[in-house]
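Working notes for the structure below.
The values are calculated or read from the model by the stated rules, or taken from the named source; none is laboratory data. Not measured: the values here are computed from a predicted model. Neighbour counts run over all protein chains shown; Cβ positions are idealised from the backbone, glycine included.
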Amino acid sequence: MKDLTPARDSLDPIEIASRDEISALQLERLKWSLRHAYDNVAFYKKSFDAAGVHPDDLNDLSDLAKFPFTVKTDLRDNYPFGMFAVPQDQVKRIHASSGTTGQPTVVGYTENDLKNWGNVVARSLRAAGMRAGDMLHNAYGYGLFTGGLGIHLGADALGLSTVPISGGMTPRQVRLIEDFKPKGITVTPSYALSVLDEFNAQGLDPRDSSLEVGIFGAEPWTNAMRLEIEQAFDMHAVDIYGLSEVIGPGVSMECVESKDGLHIWEDHFYPEIINPETGEVVAEGEMGELVFTSLTKEAFPIIRYRTRDLTRLLAGTARSMRRMEKVTGRSDDMIILRGVNVFPTQIEELLMDQSALAPHFQIELSRPDRMDQMRILTEVSNSGIDASARDHATAQLAAAIKQSVGISAKVEVGDVGAVPRSEGKAVRIIDMRPKA
Ligand code: DLL
C-alpha cells in the first residue's frame with residue numbers, strides 16, 4: 001500500500017493548533033451557538049428555561065454539562081421544521097434520515113452551513129490521502145441521505161474529480177472502477193463487500209484495481225473487517241463518522257497515516273461522553289454515550305444531542321483534535337439476550353476468523369417457548385467449500401460465540417448469496433420477538 005500521508009502544510013492550521021487555541025475557539029463558538037439556539041428555536045428556549053439555565057451561564061466549556069440534552073424524539077416532535085433557527089428562505093438544503101420507525105428526522109443547512117460541511121468533508125478526504133485532482137468513486141446513496149451529497153460537497157471543496165455513482169447496480173460499480181480508475185472509493189463497508197464479491201464474480205483481481213484508499217462509514221465495522229478489505233483490495237481502509245443531526249459525514253475521521261481512531265473536527269462539533277444511565281459526563285478516556293453540540297451551525301443548531309453511539313474520547317495524535325474510538329455499536333443495536341449484552345460487531349469479529357465463511361451476516365432473534373433465541377445467518381466464502389469444511393466452520397463459529405460472548409447461538413451457513421445484501425447500510429438484526 002502506498003504512503004498517502006498528507007503534507008503537514010496542506011492541513012488546515014486549526015487541525016494542528018495547540019489545545020489552548022482549540023479550546024478558546026470552542027468557548028467563543030459555543031457561547032454563540034447556545035445563544036443562537038435559545039433566541040431562534042422555541043424548543044431550546046423552553047428546554048433551557050425548564051432546566052433553569054441561560055446561555056449567559058456558560059463561562060467555561062465544562063458549564064455545558066448544566067444544559068439539557070436533546071434526543072431523537074425532540075426532533076420528531078418538531079417535525080418537519082420546528083428545530084430550524086433561520087427563516088425558510090435561508091435554508092439552502094434539506095436532508096432527512098429515513099428512520100425505521102415513525103417520522104423521519106429533518107435537518108437543514110444555510111449557505112454557510114454547506115460551506116462548513118464541505119470544508120470538514122474535504123478535511124476528512126484529505127486525511128484519508130485524497131488530493132486535488134484525484135478521482136473519487138462515490139458510492140454512498142445520493143438523495144435525502146447525507147452520505148452521497150455530503151461527500152460530494154467535500155470532494156468539490158478539495159478539488160477532486162467525483163464519480164457520483166451512488167449505491168446499487170453492483171456490476172456497473174465494478175465496470176466503472178475498472179474503466180475510470182479512481183484512486184478512492186467512498187461506500188458503506190457492507191456494500192464494499194458486495195463490490196468485492198462482484199470483482200471476484202467477474203473473474204477480476206481487486207488487488208489489480210486502481211483503488212488506493214476506501215473511506216468507509218455510516219455503519220459500524222471492525223478492525224478485523226478493515227484487515228480483510230485492505231488485503232482483498234490492496235488499499236488503505238479508513239473510517240469516517242457522522243450523523244445527519246450533527247451535519248452528516250465528516251464529523252470525525254481517521255487519518256490514513258495512523259488509523260488509530262477518528263479525529264473529531266472539534267472546531268465545529270463539541271463532543272462529550274456521558275454515562276447513558278445517569279446522564280453524567282464521564283472522565284476523559286471512559287466509555288459511554290457520545291453527545292454532540294454544534295458550534296457553527298446556523299439552520300439547525302443542535303445542543304447536547306444524544307447520539308446513542310458508544311465510544312470514548314482519546315487525546316489527539318496525528319492531529320491536535322481529540323479522537324473517538326471506532327464506534328462498535330449503538331445502544332439501540334445492543335441485543336440483550338437472556339441477560340447478556342451483544343453487539344453485532346462482536347459477531348462480525350468472530351466471523352472474520354473463519355476463512356470458510358463470508359463476512360456477510362444477519363442476526364435473527366425469536367422467542368419460541370418464551371425463551372429468546374439467536375440465529376446467525378451467514379454463508380460460505382466461495383462455492384468450492386465442501387460440506388465437511390462448512391460443518392466445521394459452523395461448529396467453530398458457534399463455539400467461538402459461546403466462549404467469547406457467553407451465549408448459545410444457532411449458526412446457519414448458506415450458499416454464496418444466501419444473506420440478503422444492502423446497497424447502503426446493512427440490516428444486521430431481524431427481531432421477531434413479540435413486542436412487550
Ligand atoms: O450515516 C452519515 C454518514 C454518511 C457517515 C456516510 C459516514 C459516511 P445517519 O444516516 O444519520 O448519518 O446515521 C448516523 O450511523 O449515529 C452511527 O450510529 C452510524 N454511523 C455513522 N458513521 C459510522 C461509523 C450517516 N463510521 C448513524 N462507524 C450514527 C459506526 C457509524 N457507526
- If we keep just the residues of the stretch 97-114 that are at pLDDT 95 or above and within 20 Å of residue 424 (Cβ to Cβ), which is farthest from the ligand (Cβ to nearest atom)? 106
- Message: Scan the stretch 221-238 and tell me whether some residue there is closer than 22 Å to residue 14 by Cα, in contact with an Asp or Glu (Cβ under 9 Å, 6 or more places away or on another chain) and not small (Gly, Ala, Ser).
- Response: yes
- Item | Selected residue (criterion: modelled with the lowest pLDDT) from residues of the stretch 283-296 that are surrounded by fewer than 17 Cβ atoms within 10 Å (Cβ to Cβ) and among the aliphatic types (A, V, I, L, M) | 283
- Item | Residue count, the stretch 395-436 (criterion: among the small types (Gly, Ala, Ser), over 25 Å from residue 385 (Cα atoms) and over 28 Å from the mean Cα position of the chain (by Cα)) | 1
- Counting only residues that are touching a Gly at 6+ places or on another chain (Cβ under 9 Å) and within 14 Å of the ligand (Cβ to nearest atom), which one in the stretch 124-136 is nearest to residue 13 (Cα to Cα)? 124
- Item | Residue ranges of strands (runs of 3 or more DSSP E) in the stretch 124-223 with at least 3 members crowded, with 21+ Cβ neighbours inside 10 Å and of a type in the set (A, V, I, L, M, F, W, C) | 213-217
- Query: If residue 280 passes every condition in (1) more than 16 Å from the ligand (Cβ to nearest atom); (2) in contact with a Lys or Arg (Cβ under 7 Å, 6 or more places away or on another chain) but one, which one does it miss?
  - Reply: (2)
- Note on the structure: Taking the stretch 79-92 and keeping residues surrounded by fewer than 18 Cβ atoms within 10 Å (Cβ to Cβ) and within 28 Å of residue 424 (Cβ to Cβ) leaves 79, 80, 81, 82, 92
- Message: For the structure I just gave you, tell me whether residue 212 is more than 17 Å from residue 358 (Cβ to Cβ) and among the acidic types (Asp, Glu).
- Response: yes
- Query: Is it the case that some residue within the stretch 420-436 is of a type in the set (Asp, Glu), in contact (Cβ under 8 Å) with a residue 60 or more places away in the chain and closer than 30 Å to residue 147 by Cα?
  - Reply: yes
- Query: List, please: which pairs have Cβ atoms under 8 Å, are six or more places apart or on different chains, and start with a residue in the stretch 329-343 that is over 12 Å from residue 401 (Cβ atoms) and of a type in the set (Lys, Arg) and end with one that is more than 15 Å from the ligand (Cβ to nearest atom) and modelled with pLDDT under 90?
  - Reply: 338/371
- Item | Single residue of 334, 324 found to be modelled with pLDDT under 95, closer than 30 Å to residue 266 by Cα, among the hydrophobic types (A, V, I, L, M, F, W, C) and within 16 Å of the ligand (Cβ to nearest atom) | 334
- Filter the stretch 266-280 for residues that are assigned to a loop (DSSP other than H, G, I, E, B) and out of contact with any Gly (no Cβ under 7 Å at 6 or more places or on another chain); which is modelled with the lowest pLDDT? 277
- (1) of a type outside the set (Ser, Thr, Tyr); (2) touching a Leu at 6+ places or on another chain (Cβ under 8 Å); (3) exposed (fewer than 12 other Cβ atoms within 10 Å of the Cβ); (4) more than 30 Å from residue 97 (Cα to Cα): which one isn't true of residue 432, the others all being true? (4)
- Message: Suppose we filter 407, 376 for residues that are touching a Lys or Arg at 6+ places or on another chain (Cβ under 9 Å) and assigned to a loop (DSSP other than H, G, I, E, B); which single one remains?
- Response: 407
- Note on the structure: Flagged in the stretch 116-134 as in contact (Cβ under 8 Å) with a residue 60 or more places away in the chain and not basic (Lys, Arg), in numbering order, are 116, 117, 119, 120, 121, 124, 125, 127, 128, 129, 130
